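Take a look at the structure set out below.
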Amino acid sequence: MSDKVKVEFIYELPYSERLEVCRFLNQNNKWEELAGNCMQFTHTEIEQLKRESNPADELLTAWGHLNHTILELFVLLSKVHNYEAMRPLKKFVDSKYHPLILIGESNLSAFFNGKVLDNLKQNNNIIKKLIDFSDEVNDNEQNKNKNINDLVSKETPPCKPKETPHCTPKETPYCTPQETSKETPNLKKSNEEDKILNIPKKNTNESILNSMKGNLDTHLPRIPYEELAKATQNWNRANLLGSGGFGVVFKGIWKNTEVAIKKIEPKGADLADKYALQLEQSFREIKILNSSPHENILPLYAYSLDGFSPCLVYQLMQNGSLEDRLRRKNDSTPLTWIQRREIAKGVARGLQYLHTLHSNPLIHGDIKSANILLDKNMEPKIGDFGLAREGSSDDSFKVSKVQGTRPYLPDDYIIGKNLSTKIDTYSFGIVLFELATGLAAYDSSRPSNKLLKEYIDSFTIKRLELIHDHRAGDKLRGIAHYLIILGKWCTNKSAHDRPEMSEVYAKFKS
């Protein structure tokens, strides 16, 4: 890949190439297979995308908000055999992945006859592996796709099968894809093959877990996995609360106490790297929540490491996430303006605590309404510390990778990769906008200004009342205006012009 090309993430894809990719994906609605089988969009989300004039572009935008890369898209397109859409992405992908297009276009025989071999000599390991298996591949068309998919299986999650007998997408978007394991005829297995294809050994996950256990210093109780299975009625799906990229969450009764249990589930041996990341982030969360208890931080009660799936046990938040309450999931009662102000105040208090507790601030890194949980008294608790990092006593420092949720992140972080407490301040400002308007941080149905920050900035101060959330009532509606003005302060374009969270919290006390 050329040194001049420094484009990694979906949202960095230049307009012309993105337009070309979307053109191929929109043909015969090819984007639907990509969204449903590989990107794991729910049935409801896909139906919403269908109503868009350019559904492929909206799909890439939504997926890009989760910081997915062009390489991931390139690999997923090969898995659904959409090779035309891969071509515009080729210049942004390392040349060792270019054979995905060659093989997909049925040029395998030319590949092995040397017609394109000279152009790929720098990829010795891949070429050697393909040559070693050329006979088997030519004997069986199915093997052709299997070999190259194995080469890149660690880069992206496996696509979901089109039919999952135990899950209806429309009703339960949390269902884990069913494992498929078809033996490929005539395909020789060997230790050398595993080494070349980077296939981890069966005990890799256990090794990762054991290596991390030794670094865990906590006073939290460590409990047997069997206790949690019993607490959830053997992981009964009736107790399922939700699901995310790192596992599923169940409601349970443990020690006569209602709890939420996050079960970290590896998706197969080929995703050992992803599983290692899940464990690393979970161990980080254990350490942080153990060392930084606060009334506005989600309490972690215990953890379990002895079962097949490591688990974290939290206090149950009876009123769910702030995001769900603002969207009125399950027809919940709308939040009043007083409740919204107190929620904002509580989150600000929790963040200023994290930023000032130690000599170096603790940066959450993923503040959003989905990670703000509400207890039975509507008291907010900040959750999901998997991306939290210790900051610098200086204003900011460079990071190698942008993490978080795109609509809640400022440009100085996305483009400049400058991490500081001002990232949390900006994200909190977007949450303030959500509280004031009831609108989502990103909405593909808006003709323009799909980001909530852009949408609010398009209104003058005098016209802001037009976007106040009328469901909160007319009493004390001035709170909405105050939340927006405060949100604008927090979301200043320049990090230098954004306040520290201690300053923001002071505004709620005055």
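Glu342 falls short on exactly one of the conditions (1) crowded, with 21+ Cβ neighbours inside 10 Å; (2) modelled with pLDDT of 95 or more, and that condition is (1). For Asp366, the stated conditions do not hold, so it cannot be described as within 23 Å of Ile297 (Cα to Cα), among the acidic types (Asp, Glu) and in contact with a His (Cβ under 7 Å, 6 or more places away or on another chain).
Looking across the stretch 224-252, the residues that are of a type outside the set (Lys, Arg), open to solvent by 50 Å² or more (accessible area, probe 1.4 Å), at pLDDT below 90 and closer than 20 Å to Asn319 by Cα come down to Leu241, Ser243.
With the structure loaded, tell me whether Tyr408 is of a type in the set (Ser, Thr, Tyr), within 17 Å of Asn296 (Cα to Cα) and crowded, with 18+ Cβ neighbours inside 10 Å or whether it fails that test.
no
Restrict the check to the stretch 66-89 and report whether at least one residue is without any contact (Cβ under 8 Å) to a residue 40 or more places away in the chain, small (Gly, Ala, Ser) and surrounded by 21 or more Cβ atoms within 10 Å (Cβ to Cβ). No, the stretch 66-89 has no match at all. The condition (being touching an Asp or Glu at 6+ places or on another chain (Cβ under 8 Å), modelled with pLDDT under 95 and either under 30 Å from Gly473 (Cα atoms) or open to solvent by less than 20 Å² (accessible area, probe 1.4 Å) (or both)) is satisfied by just one residue among Ser292, Ser321, Ser304: Ser304. Within the stretch 372-383, is even one residue open to solvent by 10 Å² or more (accessible area, probe 1.4 Å), of a type in the set (A, V, I, L, M) and under 20 Å from Glu258 (Cα atoms)? Yes, the conditions are met somewhere in the stretch 372-383. The helices (runs of 4 or more DSSP H) found wholly in the stretch 391-465 and carrying at least 3 residues that are closer than 26 Å to Thr356 by Cβ and modelled with pLDDT of 95 or more occupy 421-437. Scanning the stretch 370-390 for residues that are part of a loop (DSSP other than H, G, I, E, B) and closer than 18 Å to Tyr426 by Cα gives Gly383, Asp384, Phe385, Leu387, Ala388.
Test Leu387 against the criterion of being of a type in the set (A, V, I, L, M) and open to solvent by 10 Å² or more (accessible area, probe 1.4 Å), and give yes or no. Taking the combined requirement at face value, the residue satisfies it. Within the stretch 466-491, the set of residues being open to solvent by 50 Å² or more (accessible area, probe 1.4 Å) and either touching a strand residue (DSSP E or B) at 6+ places or on another chain (Cβ under 7 Å) or part of a loop (DSSP other than H, G, I, E, B) (or both) comprises Asp474, Lys475, Leu476, Arg477.
For Asp474, are the conditions met, namely being farther than 23 Å from Leu60 by Cα and modelled with pLDDT of 95 or more? Spelling it out, it is not the case that Asp474 is farther than 23 Å from Leu60 by Cα and modelled with pLDDT of 95 or more.
The values are calculated or read from the model by the stated rules, or taken from the named source; none is laboratory data. Just so we're clear, the structure is a prediction, and the values are computed from it rather than from any experiment. Virtual Cβ from ideal backbone geometry, glycine too; neighbours counted across all protein chains shown. Surface accessibility is based on the protein's heavy atoms, side chains included, excluding ligands, DNA and RNA. Shrake-Rupley method; radii C 1.70, N 1.55, O 1.52, S 1.80 Å.
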